[in-house]
1. Quick check: anything in the range 49-70 touching a residue at least 12 places away in the same chain (Cβ under 8 Å), under 27 Å from residue 175 (Cα atoms), open to solvent by 40 Å² or more (accessible area, probe 1.4 Å) and acidic (Asp, Glu)?
2. Could you tell me whether residue 229 is crowded, with 19+ Cβ neighbours inside 10 Å, in contact with a Phe, Trp or Tyr (Cβ under 6 Å, 6 or more places away or on another chain) and in contact (Cβ under 8 Å) with a residue 24 or more places away in the chain?
3. Kindly evaluate residue 214 against the criterion of being open to solvent by 10 Å² or more (accessible area, probe 1.4 Å), at pLDDT 95 or above and not hydrophobic (A, V, I, L, M, F, W, C).
4. Conditions: (1) open to solvent by less than 80 Å² (accessible area, probe 1.4 Å); (2) of a type outside the set (A, V, I, L, M, F, W, C); (3) in contact (Cβ under 8 Å) with a residue 24 or more places away in the chain. Residue 193 meets all but one. Number of the miss?
5. Tell me which residues, restricted to the range 1-17, are in a helix (DSSP H, G or I) and open to solvent by less than 40 Å² (accessible area, probe 1.4 Å).
6. May I ask you to list the residues in the range 123-146 that are open to solvent by less than 40 Å² (accessible area, probe 1.4 Å) and in contact (Cβ under 8 Å) with a residue 40 or more places away in the chain?
7. I'm trying to understand the selection: among the residues of the range 108-120, which are under 14 Å from the mean Cα position of the chain (by Cα) and either closer than 23 Å to residue 65 by Cα or touching a residue at least 60 places away in the same chain (Cβ under 8 Å) (or both)?
8. When the range 91-143 is examined, which residues are found to be part of a helix (DSSP H, G or I), touching a His at 6+ places or on another chain (Cβ under 7 Å) and among the β-branched types (Val, Ile, Thr)?
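The values are calculated or read from the model by the stated rules, or taken from the named source; none is laboratory data. Small disclaimer: the values here were computed from a predicted structure and weren't measured. Neighbour counts run over all protein chains shown; Cβ positions are idealised from the backbone, glycine included. Heads up: the accessible areas ignore ligands, DNA and RNA and are worked out on the full protein's heavy atoms, side chains in. Shrake-Rupley method; radii C 1.70, N 1.55, O 1.52, S 1.80 Å.
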Amino acid sequence: MTPEAYVQQKAAASGSSFYYAFLFLPPPRRAAITAFYAFCREVDDVVDEVSDPGVAATTLAWWRSEAAAAFAGQPTHPVTKALMPHTGTYDIELGHLTAVIDGCQMDLEQSRYLDYPGLERYCHLVAGVVGEVAANIFGRTESATLAYAHRLGLAMQLTNIIRDVGDDARRGRIYIPMSELKQFDVKAREILDRQYSDRFTALMRFQAERAERTYDEAFAHLPDADRRAQKPGIMMANIYRSLLREIEADGFQVLHQRTSLTPLRKLWIAMRTNWRGR
C-alpha cells in the first residue's frame, strides 16, 4: 500500500465529519489535508486506544522523533511520507505537528481541567493548531484568517467535548472545567456514574451556548477575501453545529450515548454549503 493510499484509508475509516469537506477540494489540497488529518488521527488514537499509559507515552515519544526525522528528510511512517511533499507548499511546520503531540500528551498527564483558560490551552493544541494548518491548506491569503481558524478549531473541540462527555467519563476523563461543575453544583462522580439531573442539563446548556458563541466569533474574524477558499472549513462548522443542535434538541443525553449524524446527512450539509457558499 502506498503512503497516499494509507492516509486515504485512515481518513475514510475514521468516519469523521472532516472527510466530507475534503471531498470538495482540488486534488493537491485534498492530498495535503488528508495526510495531515491522518497524522492527527494516528497521534490521537495513541491516547484513546492504548490502555497502558507507559506504552502510550513511549508511542507519542516515537511520533515526536518521527516528526523531527521527517522534517530532516528521513520519514519512515506512511503518514509522514505522504505529508512531507506538501509541507513547503502549504507552510506546514514541525511545530504544528509537535503541538498536536503536546496536546495528546496532556491527555496522558491530566484528566481534569480546573478552569476554562486551562481547557482553552488544551483546545489550542489539539484543535486550534489543526485549524491553522487546515486554513493554510485550503488557501489562506489574509492574516486575520488565522484568528478565524483558531476560534473555529476551539468551537469544534468544544462541540466534541459536549458530544463525548459519556465516552470520556468511561475513560476517567472530564473535560468540563471543575470550576463550572462547581458553579452548577454537579459532582464529578455524577458524571462518572452517568447520573442525569436538571443541574447537569443546565451545565450542558451553558457549554452549548459558549460553543455557539465561539462559532459566531470565528466567522466574525473570517475576511471576505478568504471566504471562498475557506469553504471546506465552513462545511465542517455547519456539520458540527448541526450535531450540537441535535444534542441540544435531544436534551443533552450524552452520558449514555454518543450522538452522531448519518453519513448521508453530513454529505448533504457539505453539498448545501458548497452550493450556498455559507
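1. no
2. No.
3. no
4. Residue 193 satisfies every listed condition except (3).
5. Correct list: 3, 7, 11, 17.
6. Scanning the range 123-146 gives 126, 130, 131, 133, 134, 135, 136, 137, 138, 139, 145.
7. Answer for the range 108-120, where residues must be under 14 Å from the mean Cα position of the chain (by Cα) and either closer than 23 Å to residue 65 by Cα or touching a residue at least 60 places away in the same chain (Cβ under 8 Å) (or both): there is none.
8. Within the range 91-143, 129, 133 meet the criteria.
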